[in-house]
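Readers should treat all values here as calculations from the given coordinates under stated rules, not as data from a laboratory. Source: prediction; values computed, not measured. With ideal geometry, Cβ positions are generated from the backbone for all residues, glycine too; neighbour counts draw on all protein chains shown.
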């Protein structure tokens, strides 16, 4: 009986070990979504930019824009996921090699919700969009006392002055927290003169505050990675933002 | 003959290294590295062969396939395509053809190789400015496709496309053998060419147009890979081949070899992060070019 049990265990072990998907993620944000869905065990390859704990020990396949195709192929993935940051030509190379490839646009909050739903479906994971939305609401509630009524400008870089507008995911989130985000639109470069015309009452800067003398400015550069990844990592970023904004 | 055999041997050794470096699996060698090797060699040989023809036809040592605005037109086409939501390759090919037509127009209007060269420089500047203008307008999430194209990354194509590119490069090698007489005579001046039975104006325009076609094709597929077209013909002349079949064959082999070496470095230097092959060719080519310039100008006394 023991022998039969051992035989069955050994025969079925490969099925247990390799039963799930083998996913290569070419975007740190997508890796974080997979982690949030509880499927990081199926993640066999990540980019060199994945700096979260769950990425330790995973195979690195290169950058977001320039991963090594042969490294990805050698990992024998069943699914490659990437965003529009990865050139279409590369994604098509994977498809041509017979690897299922999903390329997502990940710019707005709705994009993120869509990505979470699709990946949950692809990986047969429990959909967690509602949970994520709830957690997001909680974090935004916490930010409301410090942001309500503020005319907000989100500076991603200083030279050139590059900002996240109202329709970017960051803009939409902070509008939900009660701020009025300027300018309209998504991510864009603007002139210093235009910034002055906006008359923001608060600037959140990812590039330090020395260039914004005369404005009320909060330096959030230490939390850049947490706030600039359109992924569930935003929850941590918003918590950190509340810590800085509300403790002033 | 011995030199050609050595060049062939070097290319073969490089190809072997390119295919089997790091002992990859059979699947990687066949489906990734082999098409990459074939297309890289084809692109390098096309660029260097066209560079040699351009330098002779325009009687200018700085002329290369990109001088007349072909590459920047192609890059602009790619950027416009991306902005309109299409694939970059189609727009790149379309705009390279447009640059070809402009070149034909310049050939009819200016009739002097120097004026055609200056016209190309002007076009190059105009297209480059338009590319930067488009970058400022493109949303960040589509910018990568355009940037990837202009930086000159070599992505492994399908084996079919790689074989097609190889045959294109061989066809143009054959064409280069056929037109080697005007290519040899044009640098001697229009009078000398005329008395040797070559109409220099006609020959210049037809050579430029003929050798822009494969360049337009390669640029539309792999983006801008500079310095191969400018350095290799000079290196071949430095090795003692200035005329004839030896010059053409050596240019073809060394051009392909240099790009294969560059792509190998681009692939392995920061493995698994891939570098643009265009950057490596510039890093290898620029010092080599300065050295050749120094030798030509008698820098070694």
Quiz item: So if R0 is 56 Å, what FRET efficiency would residue B:1 and residue A:59 give, r being the distance between their Cβ atoms, rounded to the nearest 0.05?
Solution: 0.70
Quiz prompt | Gain in span if fully extended, residue B:181 to residue B:9, counting 0.36 nm per residue against the direct Cα distance | solution = 59.1 nm
Quiz item: Spin-label point model (7 Å from Cα, Cβ direction): what's the residue B:109 to residue A:199 distance in nm?
Solution: 5.2
Quiz item: How would you rank B:294, B:172, going from fewest to most other Cβ atoms within 10 Å of each one's own Cβ?
Solution: B:294, B:172
Quiz item: Looking at the stretch A:18-127, what % of its DSSP beta bridges pair antiparallel, to the nearest 5?
Solution: 10
Exercise. Please build a GNM for chain A, connecting alpha carbons under 10 Å apart, and tell me which residue among A:53, A:111, A:40 fluctuates the most.
Key: A:53
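May I ask you to derive the relative contact order of chain B, considering only C-alpha pairs under 8 Å and at least 6 residues apart, and to give it as an integer percent?
RCO, chain B: 31 percent.
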Self-check item: Contact order normalised by residue count of the stretch A:18-127, Cα under 8 Å, 6+ apart, percent
Solution: 27
Practice problem: Evaluate the distance, in nm, between pseudo-label points positioned 7 Å from the Cα of residue A:240 and of residue B:294 along their respective Cα→Cβ axes. | Solution: 4.8
Practice problem: Can you tell me how much longer the chain between residue A:148 and residue A:129 gets when fully stretched, taken as 0.36 nm per residue apart minus their C-alpha distance, in nm with one decimal? | Solution: 4.2 nm
Quiz item: Relative contact order (percent) for chain A, with alpha-carbon contacts under 8 angstrom and 6 or more residues of separation?
Solution: 15
Exercise. Quantify how strongly other chains surround peptide B:211-220 by giving the mean number of their Cβ atoms within 10 Å of each of its Cβ atoms.
Key: 0
Exercise. Just report the Cα centroid separation between the stretch A:20-59 and the stretch B:258-278, whole Å.
Key: 26
Exercise. For peptide B:54-62, compute the average count of partner chain beta-carbon atoms within 10 Å of each residue's beta-carbon.
Key: 0
Quiz prompt | Computed label-point distance, nm, for sites residue B:164 and residue A:216 using a 7 Å Cα→Cβ extension | solution = 6.1
Quiz item: Between residue B:101 and residue B:126, what FRET efficiency comes out of the Förster formula 1/(1 + (r/R0)^6) with R0 = 25 Å and r the beta carbon distance, rounded to 0.05?
Solution: 0.95
Self-check item: Residue with peak Gaussian network fluctuation, chain A [Cα springs, cutoff 10 Å], from A:161, A:131, A:152
Solution: A:131
Quiz item: Using the alpha-carbon atoms, what tilt in degrees (0 to 90, nearest 10) does helix A:129-147 show relative to the longest principal axis of chain A?
Solution: 20
Quiz item: In whole angstrom, how far apart do the alpha carbon centroids of the stretch A:170-204 and the stretch B:118-144 sit?
Solution: 28
Quiz item: Given the options B:44, B:122, B:255, which has the most mean-square fluctuation in a GNM of chain B, springs set between C-alpha atoms less than 10 angstrom apart?
Solution: B:122
Practice problem: Would you mind ranking B:121, B:260, A:44 by Cβ crowding within 10 Å, fewest neighbours first? | Solution: B:121, A:44, B:260
Self-check item: Average partner coverage of A:72-84, which counts Cβ from other chains inside 10 Å
Solution: 2
Practice problem: Please give the FRET efficiency for residue A:121 paired with residue B:199, using the beta carbon to beta carbon distance and R0 = 56 Å, rounded to the nearest 0.05. | Solution: 0.25
